[in-house]
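Working notes for the structure below.
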Amino acid sequence: MPNVPLYIGGRYLFAKKSRSVINVISGICVGGIAVGVAALVIIMSVYNGFEDLIRKSLGSADPDLKVSAVEGKVFAPDSVAAVDLIYDVKGVESVSRTLEEQVFVVYGQKQSLARAMGVDRRYEESTFPLLEIYGTPALDLGHESLVGISKGVAEALGGIYLNTQIPVEIWFPSRHRGISASNPSESLNSISLVPGSVFTAGSEYDNRLILLPLDDLRGLLEYDGGEVSALNIRLKEGASVQGVQSRVKEILGPAFKVEDRVEQNASLFRMMKYEKLAIFLILIAVVIIVAFSITGCLSMLIIEKKEDIRTLRSLGARDGTVRSIFVTEGSLIALLGLAIGLVLGIAAVVLQQQFGFVSMPGALSATAYPVRMNAWDILAITGGVALAGWAIAFFTSRQIREYR
């Protein structure tokens, strides 16, 4: 025996109505839902694509894993043999030491704040080949120390002349001397380094980072116990990041954090997730508003089919059965728009992935807008639209009580 509400609801949806305006409203509703759903699929896929693009752009500067102290800004890795313990973990290729601090930079008549990172030779060997460097790809020439300046800091300083006699001065308050009211400069430490290179390594680093030898930054910050801010771990090709991360955490204990690339940039990816959620909620609200045209369509159909309603009641149909017919039709309108929208949206995403029809403006690393579909996005869109269509149809169908 056929499902009566589905059978009659389907006939009502596709059968020709006596009032053509009902067909027009139904078509507008289906088309509006389809456009909204397609937009949702495309925009969610673009957000996923940009997230992948950012993950790749972070790869040149960020280590695979970063070890830092849970408490305090610095720690002495040699005191706990941390480096030797990490090298014992299978899959680890190299471990480098870095020390970071916010500093004041002066170059000629220009000044800027920057994030100074003191790095060791192993960091240079493992990371510098991955950076886009202009100038000398090293931090010393055997007799003098060099400083590598990110593109953003170089622009803030009005441009850098590489390997010249104009030094880059780096200033930081002394941790041991008090502030002198008569001569405030006595409370500051400074070092002068030769600008050897300008590098590019992702947006965050372009804006604020300078690289210098680890010992020079230790001297500026008045550290003499081998202190570092972090240990940077590079993995061998094919090594499991999660596997090595869990093993290093187990070895070092709860006093240390071991972060992968996403965790190192948690605020950035958290912001992207919030933006994606906000856009999803806005667009799903637009689709729901469009879906409210189901109310007008069903209301007019109920008026047109009032004699059919009375006939069904005379044959013994209950209110719930009659109401479910119109709930089914409203749901079918929403599902039809949903299906068309999913097909259009998925097709657009696949075509963009294959052919890159929509190009990326500006000089970015991607020539076409990056897109990637996510099954959870599709499920959320499907569930949201289907539930909205059913709810609207359910509450609209309650007016059949008038026809007895």
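Taking amide H positions as modeled 1.01 Å from N, with prolines and chain starts lacking one, the residues under 5 Å from GLU93 and 5 or more places away or on another chain are ARG234, LEU235, LYS236. In this label model, THR164 and LEU379 are separated by 5.9 nm, measuring between points 7 Å along each Cα→Cβ vector. Carbon-plus-sulfur accessible fraction, the range 50-165 (probe radius 1.4 Å, protein heavy atoms only): 49%.
Tell me, what is the FRET efficiency for ALA368 and LEU277 to the nearest 0.05, using R0 = 22 angstrom and their Cβ-Cβ distance as r? Here the calculated transfer efficiency is 0.30. Stretched out straight at 0.36 nm per residue, the stretch from ALA347 to ASP78 would grow longer than its current Cα-Cα span by 91.2 nm. Taken per residue, the accessible surface of the range 61-190 reaches 52 Å², heavy atoms only and a 1.4 Å probe.
Extension gain, GLN109-GLU155: 0.36 nm per intervening residue step, less the Cα-Cα distance, totals 15.2 nm. In this structure the amide hydrogen of SER174, modeled in the peptide plane, comes within under 5 Å of the amide hydrogens of LEU188, ASN189, none closer than 5 places in sequence on its chain.
Each semi-axis of the equivalent ellipsoid for the range 133-286 is √(5λ) with λ an eigenvalue of the Cα gyration tensor; in descending order they amount to 35, 23, 20 Å. For the residue pairs LYS249/LYS276; LYS66/LYS273; LYS56/LYS236; LYS90/LYS151; LYS236/LYS276, alpha carbon separations beyond 27 Å are given by LYS249/LYS276; LYS90/LYS151; LYS236/LYS276.
The values are calculated or read from the model by the stated rules, or taken from the named source; none is laboratory data. Just so you know, these numbers come straight off a predicted model, no measurement behind them. All Cβ positions, glycine included, derive from the backbone under ideal geometry; neighbour counts span all protein chains shown. Accessible surface is based on the protein model in full, side chains and every heavy atom, while ligands, DNA and RNA are left aside. Shrake-Rupley method; radii C 1.70, N 1.55, O 1.52, S 1.80 Å.
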